[in-house]
Structure formats: C-alpha cells, structure tokens
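J.: One structure is given below, represented as structure tokens, and several questions about it will come after.
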Amino acid sequence: MMLNKDNLYPLYIQVKRRIIEDIHNDTYTEGSRLPSETELCEKYEVSRITIRRSLQDMVDSGYLVRKQGKGTFVKRGKIKRSLISPDGYTEYMRETGQRPERKIVEKVIKPCSPFIAKRLAIPLGSEVLELCRILYIKGVPLGFELNSYPIIRFNGLEAYIDDHVSTHEVLQKEYGVTLKSNYKVLNVLLANEKIANYLHCNVSDPVYQLDKTAFNQYKAAVYHSMMYCDVNRVSFVIEDKKDE
C-alpha cells in the first residue's frame, strides 16, 4: 500500500490516516493489537522511524494505547452524537454513564459580532458572555466549543460558570430556561493551529464544525455555539423517530 511521497502531508500523517481508516473499516477492531512495527513498515512501505512517529501521534491523540511487553492496541471506536437532539455535552456523558470533564480556556464579556447578533436576534454590539471550553471523554478531547450567551438576557451568568457545572443546568436553575429545540449547520473544514492544539490533532486535519443556535420553550434564542470535533473521533447520527 504505497503512499504518495509528493503529497502535501508528511508520510507519518498519511500513515496515521490509513491506520485510522483501517480502524473504522474494522481491519483493526476495538481492543485488538496492531501488527508489529516491521509488519506495518512492510504494509505501508515506509521506514520504522515514520511508523513510530505515526503510532506515537495516535497514542497522544487517544486512538491507541501501549501495553508494556504486549504491544500497541486500538483504544476505542468513534463516539456517536445525535445531530438533532437539544441535549448538551453533560446530558450525553451522563446518558452513557461517564463523568463530564471540562476545561475553560477563556471566559470573557465582549461586544458581539454581526454574525452572533443575527443568530441570537440581539442588537449589533450587544454584550455577550463568550465561553471557550475543551470537552473531554476519558481524558481525550471530544470537542472544542465557543459559546456566546447574551448578557441582556443572562446578566451575571459568568459567576455561575466553572469547570464543574453544566451550562444547561445553570440556565434552567438560575434563569428558568428550558431548552426545547436547536438550529444546526454541520460543516467540515481543516484544523488551524489553535483547533489542532485543543483537539490534539494535526494542523490541516479534517474537523467537524457544528454551528448551533439553541432555543427555549418560547422559541427565543438562548445561546449560540460553534463546536469543533475531530472527524476521526466523532460521528453525527440523524435519528428519524416516527410515531407508532
């Protein structure tokens, strides 16, 4: 399986992507041991140095795990998230029996952009709480989100937000907001240096960009979110639920 040495991407990244493809098509299943470095060198027709760099990159990114004296194993499959559900990260984690892990990168009040003003139906230049967070699953970045909350509707919200709380729960408890629906646009783009750093992927790796506006029980916009996820770690599912 010869790689393209004239490709824009280094060989180790090409090898990484081939291995990820093989994980997704079940050539290497969850929990299985990868072939030896010698076998991988022969399969992908690259040097041992390239293979080692690819594998280390995948270990650092959470795709693989090394077991002393046993080899390198596939850590887990892709995470599936509903594209239409109004539930947030905390609801998803609890539903799957896991503990939410968050890290706030930035929390600041600032004038909104024209884009955010339109999404939230607020006057141009209105103040918003801009919340940047990394969301984790089992210690590995699941996504990086940039959320905007209108201060005119949620004055003092910043005081309630930290790494240990659900914003959805704060909005319901402190402001009486019930999230009922959302508008989402799913795009795919290439990771810049900032996103790659937060998601532990490579610059120019494909990532999902989920542009979401959440609405309350009165169909008023509550907040806007721009979420970035590595396409190799997350699948978005559309469920067509019909009345029986």
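The values are calculated or read from the model by the stated rules, or taken from the named source; none is laboratory data. Because the structure is predicted, anything quoted here is derived from the model rather than measured. Cβ sites come from the backbone with ideal geometry, for glycine too, and all protein chains shown count toward neighbours. Just the protein is used for accessible areas: all its heavy atoms, side chains included, with ligands, DNA and RNA removed. Shrake-Rupley method; radii C 1.70, N 1.55, O 1.52, S 1.80 Å.
J.: Within the set of pairs 6+ apart or on separate chains, which have a first residue in the stretch 139-156 that is touching a residue at least 12 places away in the same chain (Cβ under 8 Å) and more than 30 Å from CYS201 (Cα to Cα), a second that is of a type in the set (S, T, N, Q) and open to solvent by 20 Å² or more (accessible area, probe 1.4 Å), and C-beta atoms under 8 Å apart?
T.: Once the first residue is touching a residue at least 12 places away in the same chain (Cβ under 8 Å) and more than 30 Å from CYS201 (Cα to Cα) and sits in the stretch 139-156, its partners that are of a type in the set (S, T, N, Q) and open to solvent by 20 Å² or more (accessible area, probe 1.4 Å) give PRO150/SER126; ILE151/SER126; ILE152/SER126.
J.: OK, next. Checking the conditions here, which among ASP163, ASP211 is at pLDDT 90 or above, among the charged types (D, E, K, R), touching a strand residue (DSSP E or B) at 6+ places or on another chain (Cβ under 6 Å) and loosely packed, with under 15 Cβ neighbours inside 10 Å?
T.: Of ASP163, ASP211, the one residue that is at pLDDT 90 or above, among the charged types (D, E, K, R), touching a strand residue (DSSP E or B) at 6+ places or on another chain (Cβ under 6 Å) and loosely packed, with under 15 Cβ neighbours inside 10 Å is ASP163.
J.: Additional query: Return the residues of the stretch 190-204 that are surrounded by 13 or more Cβ atoms within 10 Å (Cβ to Cβ), outside any helix (DSSP H, G or I) and without any contact (Cβ under 8 Å) to a residue 60 or more places away in the chain; say none if nothing qualifies.
T.: Correct list: ALA191, VAL203.
J.: Moving to a separate point now. Within the stretch 12-69, take every residue that is of a type in the set (Gly, Ala, Ser), surrounded by fewer than 17 Cβ atoms within 10 Å (Cβ to Cβ) and touching a residue at least 40 places away in the same chain (Cβ under 8 Å) and give me the one that is nearest to SER235 (Cα to Cα).
T.: Among those that are of a type in the set (Gly, Ala, Ser), surrounded by fewer than 17 Cβ atoms within 10 Å (Cβ to Cβ) and touching a residue at least 40 places away in the same chain (Cβ under 8 Å), it is GLY31.
J.: Can I ask one more? For the stretch 40-68, give me the residue count where each residue is assigned to a helix (DSSP H, G or I) and under 18 Å from the mean Cα position of the chain (by Cα).
T.: Here the count works out to 5.
J.: Find all pairs meeting these conditions: Cβ atoms under 6 angstrom apart; at least six residues apart or on different chains; first residue within the stretch 116-136 and touching a residue at least 40 places away in the same chain (Cβ under 8 Å); second residue outside any strand (DSSP E or B) and open to solvent by 10 Å² or more (accessible area, probe 1.4 Å).
T.: The qualifying pairs are ILE134/TYR198; LEU135/TYR89.
J.: Something else now. Does the stretch 166-185 hold any residues that are surrounded by 16 or more Cβ atoms within 10 Å (Cβ to Cβ) and over 24 Å from the mean Cα position of the chain (by Cα), and which are they?
T.: TYR175, VAL177
J.: Can you name every residue in the stretch 223-233 that is in contact with a Phe, Trp or Tyr (Cβ under 6 Å, 6 or more places away or on another chain) and either of a type outside the set (Phe, Trp, Tyr) or open to solvent by 30 Å² or more (accessible area, probe 1.4 Å) (or both)?
T.: Answer for the stretch 223-233, where residues must be in contact with a Phe, Trp or Tyr (Cβ under 6 Å, 6 or more places away or on another chain) and either of a type outside the set (Phe, Trp, Tyr) or open to solvent by 30 Å² or more (accessible area, probe 1.4 Å) (or both): TYR228, CYS229, VAL231.
J.: Please find, within the stretch 138-160, the residue that is farthest from ALA191 (Cα to Cα) out of those that are open to solvent by 20 Å² or more (accessible area, probe 1.4 Å) and among the small types (Gly, Ala, Ser).
T.: GLY156
J.: Okay, moving on. Determine whether the stretch 19-35 contains at least one residue that is assigned to a helix (DSSP H, G or I), in contact with a Phe, Trp or Tyr (Cβ under 9 Å, 6 or more places away or on another chain) and modelled with pLDDT of 85 or more.
T.: So far as the stretch 19-35 goes, yes, one or more of its residues are assigned to a helix (DSSP H, G or I), in contact with a Phe, Trp or Tyr (Cβ under 9 Å, 6 or more places away or on another chain) and modelled with pLDDT of 85 or more.
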